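I have placed the structure first, in the form of structure tokens, so that the comments after it can refer back to it.
The values are calculated or read from the model by the stated rules, or taken from the named source; none is laboratory data. This is a predicted model, so every value here is computed, not measured. Quick reminder, even Gly has a Cβ in these numbers, built from the backbone with ideal geometry, and neighbours come from all protein chains shown. When the accessible area is computed, the model is the full protein with side chains, heavy atoms only, and any ligands, DNA or RNA have been set aside. Shrake-Rupley method; radii C 1.70, N 1.55, O 1.52, S 1.80 Å.
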Amino acid sequence: MVSSDVELAVYRCESCGDYQLGSAAMTCCDESMTEVDDTVPIETPDEKRLMRTVFGISETELEICRCLMAEPEITVNELASMVDRDRSVVTRHLTDLVEFGIVEKQSRVLSDGGRVNVYSHRSVDAVRRQFKLGLYTWMIEAVDVIDDLSEEKVSLLVQGDDPETERSQIIVDRDDTDDSERDQV
């Protein structure tokens, strides 16, 4: 396993032009790859964008996580009050966070009878490891998607002629803008 203090770099094969991500001199086509100095212009990910794009974690789920980090353990009702959301909404988000592995759920017996579920955050190190594993898995699958792009798909992306994109843009325009804003677009 790569230690967290090792920096990753992008390497390029001079023979085939392929790129790889690694922490040491990489090889491809039976040759050493060269470290790439130039980069593709991208927006540096912030916490919100990273969590949404890679992990599908919503802003509400991030808010729930922040509240969980402030308490050793908490019930759904207490959490719903803290984030000012309906109990059912909080329960659904907690289920997703437990499934993802960053929140733990335990059942407690109440002194007056019955049971209640309490939720707690995992350790910061455990959460970081889970996010790294998820990110690396996502990156592998994202590279597969890129490798599967046909010349036609790339051409449509570059030209902006993707009918799916245009259709979804029209839907977003209808949902997110009023008529006067749409006319200006």
If you scan the stretch 67-105, which residues turn out to be in contact (Cβ under 8 Å) with a residue 40 or more places away in the chain, over 26 Å from Lys132 (Cβ atoms) and not hydrophobic (A, V, I, L, M, F, W, C)?
-> Thr75
Within the stretch 100-146, track down each residue that is basic (Lys, Arg) and in contact with a helix residue (DSSP H, G or I) (Cβ under 6 Å, 6 or more places away or on another chain).
-> Lys105
Please find, among Glu141, Glu104, the residue that is among the acidic types (Asp, Glu), in contact with a Lys or Arg (Cβ under 9 Å, 6 or more places away or on another chain) and open to solvent by 50 Å² or more (accessible area, probe 1.4 Å).
-> Glu104
Which residue pairs have Cβ atoms closer than 9 Å, lie 6 or more positions apart in sequence or on different chains, and pair a first residue in the stretch 27-47 that is farther than 16 Å from Cys16 by Cβ and in contact (Cβ under 8 Å) with a residue 24 or more places away in the chain with a second residue that is assigned to a loop (DSSP other than H, G, I, E, B) and not basic (Lys, Arg)?
-> Glu35/Ala25; Glu35/Met26
Residue match in the stretch 71-91 (condition: modelled with pLDDT under 90, outside any loop (DSSP other than H, G, I, E, B) and under 30 Å from Met139 (Cα atoms)) | no
Those residues of the stretch 22-36 which are of a type outside the set (S, T, N, Q) and not in a loop (DSSP other than H, G, I, E, B) amount to Gly22, Cys28, Glu31, Glu35
Being touching a Ser or Thr at 6+ places or on another chain (Cβ under 9 Å), open to solvent by less than 30 Å² (accessible area, probe 1.4 Å) and farther than 29 Å from Ser123 by Cβ, is that true of even one residue in the stretch 77-85?
-> no
Hey, any hits in the stretch 37-57 for a residue that's open to solvent by less than 50 Å² (accessible area, probe 1.4 Å), within 26 Å of Gln130 (Cα to Cα) and not in a helix (DSSP H, G or I)?
-> yes
Does Arg115 fit the bill of being in contact with a strand residue (DSSP E or B) (Cβ under 7 Å, 6 or more places away or on another chain), loosely packed, with under 12 Cβ neighbours inside 10 Å and not aromatic (Phe, Trp, Tyr)?
-> yes
